[in-house]
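Here's the structure we're looking at; comments come further down.
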Amino acid sequence: MKSIRKAIFPVAGLGTRFLPATKAMPKEMLPVVDRPLIQHVVDEAREAGIEHFIFVTGRNKGVIEDHFDRQFELEVTLKERNKIADLNLLSSVLPEAGTASFTRQQSPLGLGHAVWCARELVGNEPFALLLPDVLVQHDPGCLAQMMEAYRSLEDNANIIAVEEVPPERIHQYGVVGIGKSKGPCFAITDMVEKPKREDAPSNLIITGRYILQPEIFAILEKQTGGAGGEIQITDAMIKLAKQQPFYGLKFKGRSFDCGSKVGFLAANVAYALARDDIAPALREEIKALLGK
Ligand code: UTP
């Protein structure tokens with residue numbers, strides 16, 4: 001059965017929208033409830049069947065690598081105190097030995113460039129790309145839904161997760177044009193980065209989860225800076241779409257843009273309200289705050 005084994009997690013960005021929190025700490029380590037963003041997204045990938053986790057990191061991002069390693073002193077202390085549940089929690093975070101790779105993007109030249117930095121680790125096979133600052137709340141997760149759809153498509157298919165936004169927000173995103181349906185997907189006829197509302201081909205935006213073919217690397221290799229001087233993944237996908245089919249999947253669930261303050265705060269509330277151990281107390285706190 002056709003499957004995707006590897007996933008790229010680009011974590012080398014500067015996180016300027018979250019300064020000063022992200023001055024010394026990576027944005028991807030901001031916690032949603034009690035797990036850092038990157039952990040939520042790695043868990044989504046693992047659940048979808050990903051076997052190899054590729055992180056594109058940068059300066060000041062070493063703590064992400066540490067998060068996916070053992071914490072020897074902490075483990076010893078927890079063992080001495082017989083805190084078995086906490087110990088089990090720590091080991092559930094650990095990827096199996098040899099299944100996580102880290103490479104550096106020496107300068108944050110854009111998402112497309114970060115993906116290109118992972119080319120040697122991915123090799124010549126299709127891969128998943130997950131942006132860690134986008135969380136999708138649903139069971140099964142967004143990538144698992146995409147994997148399921150991918151199995152019914154041609155071998156050289158690419159898939160982008162898409163969702164609807166209100167027309168007044170369209171100009172902030174990459175937007176796709178809608179063609180013929182194919183199973184749960186539709187053929188993408190067009191991709192436009194940050195269009196004016198009246199020029200947008202639809203109200204479906206690109207949402208931070210992709211399944212891409214390795215031919216994207218050769219395109220990225222030759223690509224120069226696009227919008228904002230950055231090497232954009234959308235520009236490379238537009239070129240790849242001339243050679244290979246691209247599909248959109250309207251996933252089930254709700255996404256949170258945790259790169260923005262409001263999106264991040266909303267994600268914390270939504271994820272906490274989904275937790276039996278936290279929701280009742282939080283509901284009371286929210287009621288009290290809103291009552292004032
Ligand atoms: P964003 O554009 O949301 O992240 O990229 P950013 O640039 O860090 O944030 P702001 O806009 O300055 O606040 C989405 C993901 O791609 C990574 C980021 O780390 C983030 O997880 N990224 C972005 C890279 O790895 N390298 C880049 O050059 C740009």
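The values are calculated or read from the model by the stated rules, or taken from the named source; none is laboratory data. Worth saying up front: this structure is predicted, and the values here are computed from it rather than measured. No Cβ is skipped: glycine too gets one built from the backbone with ideal geometry, and neighbour counts run over all protein chains shown. The accessibility values were calculated without ligands, DNA or RNA, using every heavy atom of the protein model including side chains. Shrake-Rupley method; radii C 1.70, N 1.55, O 1.52, S 1.80 Å.
Under the √(5λ) rule applied to the eigenvalues of the Cα gyration tensor, what semi-axes describe the equivalent ellipsoid of the range 5-109? Give them in Å, descending.
Whole-Å semi-axes of the equivalent ellipsoid: 25, 18, 13.
Provide the per residue accessible area, probe 1.4 Å, for the chain, rounded to a whole number of square angstrom.
For the chain, the per-residue accessible area is 51 Å².
Considering all alpha-carbon pairs of the chain, what whole percent are spaced by more than 28 angstrom?
39 percent
Quantify, in whole percent, the carbon and sulfur part of the accessible surface of the chain (1.4 Å probe; protein heavy atoms only).
53 percent
Could you work out the pair-distance distribution P(r) of the range 225-292 from its alpha-carbon pairs, with 10 angstrom bin width and percents rounded to whole numbers?
Histogram of Cα-Cα distances, whole percents per bin: 16, 25, 27, 15, 15, 2.
Work through the residues other than Gly253 whose Cβ is under 10 Å from its Cβ and net out their charges, Lys, Arg +1 and Asp, Glu -1.
After counting each charged neighbour, the total is 0.
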